Amino acid sequence: MLLPDRARVPFVSVENMARLVHSIGLPLALEELAACIEADFLRWDEFDKTPRLASHSVDGVIELMPISDRRHYAFKYVNGHPVNQRRGLQTVVAFGVLSDVASGYPLLMAEMTLLTALRTAAMSAVATRALARKDARVLALIGNGAQAEFQAIALQTICGIERVRLYDIDPAATRKAAGNLRAAGLSVTECRTAHDAIEGADIVTTCTADKKYATILSDNMIGAGIHVNAIGGDCPGKTELHRDILLRSDVFVEFPEQTRIEGEIQQMPEDFPVTELWRVLSGRRPGRVSDQQITLFDGVGFAIEDFSALRYVYDRMQGTDFFDRLDLLADPDDPRDLYGMWRRFGTG
């Protein structure tokens, strides 16, 4: 159903997104968002899917991520510019739209810089809950930038993580994340190297942004039984893991057609075996089958997750004042008389 005054599109600003999440509570919002994502993954076949459309430059990438389930259509505009950190700008900024397929009218426009951090954290938690050992309690978080705290709190809330070991090439980022996570009730250890951070960890999440092939994790750092979330800002030519880790792991992905272009598996042959996560969630394929198995979620972020996030915000904002209305769509009294509507604005 369209909201009343459908020509004035509801818009959730950064301030209102923050207010909405505060009103729900961050842990509950992450739980609900994870449930929404998982529910949409369980109806995978209902979606028209395509890899995201990317425009690459020397400095970064700008992408459009479209998706539809034939009732709703959504897209996200998002960038990834690691160079922005040196400019005092965010590495990632985003906004998105949720529309009604029957009319083509937008139902919602929303900031998605904060929302992307939330949905990425929720997605990591969905994958971790399905793939990590049930007794996993220690997280190593490599890369302590803008998404770090959301990742840790999602795994705390949804997967029962109790301790976090932090490492970033920038010690100030680690200090920032450590302070925030201690305030959230987690036991935090600040580490001087990635190798130190992984010592004793059950789950390793890499969340780095450099736009290059990198070996954040070398093969000897990942032992039996570990679950890895490789979620750093993915694009062609950007990886975080040594390829030998992939050879020793069972690898799980969102949408293979996109992950083979942008994910860790871009290092591997086209026939390198992977399992789509939706098949694990639906019980069609096994996930973790032993405590000694290394599981790896090669998460690049897929449009269904943004669809879920926008749908969640649309539902959750109903009955609140956490949105404004944008005069975004022309609304002539006679749909055929757009010219007449234009003329009226010149008669005042």
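Bear in mind these aren't lab numbers, they're just calculated from the coordinates by the rules spelled out. All of these numbers come straight from a predicted model, not from anything done at the bench. Cβ coordinates were reconstructed from backbone atoms using ideal geometry, including for glycine residues, and neighbour counts include every protein chain displayed.
Of the three principal axes defined by the Cα atoms of the range 8-97, the extents in descending order read 38, 34, 30 Å. In degrees from 0 to 90, rounded to the nearest 10, what is the angle of the helix 113-131 Cα long axis to the longest principal axis of the chain? Its long axis makes an angle of about 40 degrees.
The ratio of the alpha-carbon radius of gyration of the range 64-135 to the globular-protein estimate 2.2 N^0.38 Å is 1.41. For the range 179-275, the relative contact order is 23 percent, taking Cα pairs closer than 8 Å that sit 6 or more residues apart in sequence and dividing their mean separation by the residue count. Close lysine pairs were tallied over the chain: pairs 8 or more places apart or on different chains with Cα atoms under 29 Å apart number 13. Amide H to amide H, with H built 1.01 Å from N, ARG165 comes under 5 Å of LEU139, ALA140, LEU141, THR189, counting only residues 5 or more places away or on other chains.
Considering the range 133-301 at the alpha-carbon level, its Rg and Dmax are found to be 15.1, 45 Å.
Rounded to the nearest 500, the 222 nm mean residue ellipticity of the chain from helices alone is -10000 deg cm²/dmol, with -39,500 (n - 2.57) taken per DSSP H run of at least 4 residues. So what's the angle, to the nearest 10 degrees on a 0 to 90 scale, between helix 14-24 and the longest Cα principal axis of the chain? Rounded to the nearest ten degrees, it is 70.
Please report, in debye to the nearest 20, how large the charge dipole of the chain is about its Cα centre when each Lys and Arg carries +1 at its beta carbon and each Asp and Glu carries -1 there.
Dipole about the Cα centre, nearest 20: 360 debye.
In degrees between 0 and 90, to the nearest 10, how far off the longest principal axis of the chain does helix 26-41 point, with axes built from Cα atoms? Taking the Cα atoms of the chain, the angle to 26-41 is about 80 degrees.
Scattering from the C-alpha atoms of the chain alone, worked out with Debye: what is log10 I(q)/I(0) at q = 0.10, 0.14 1/Å? Once normalised to I(0) and log-transformed, intensities are -0.60, -1.13.
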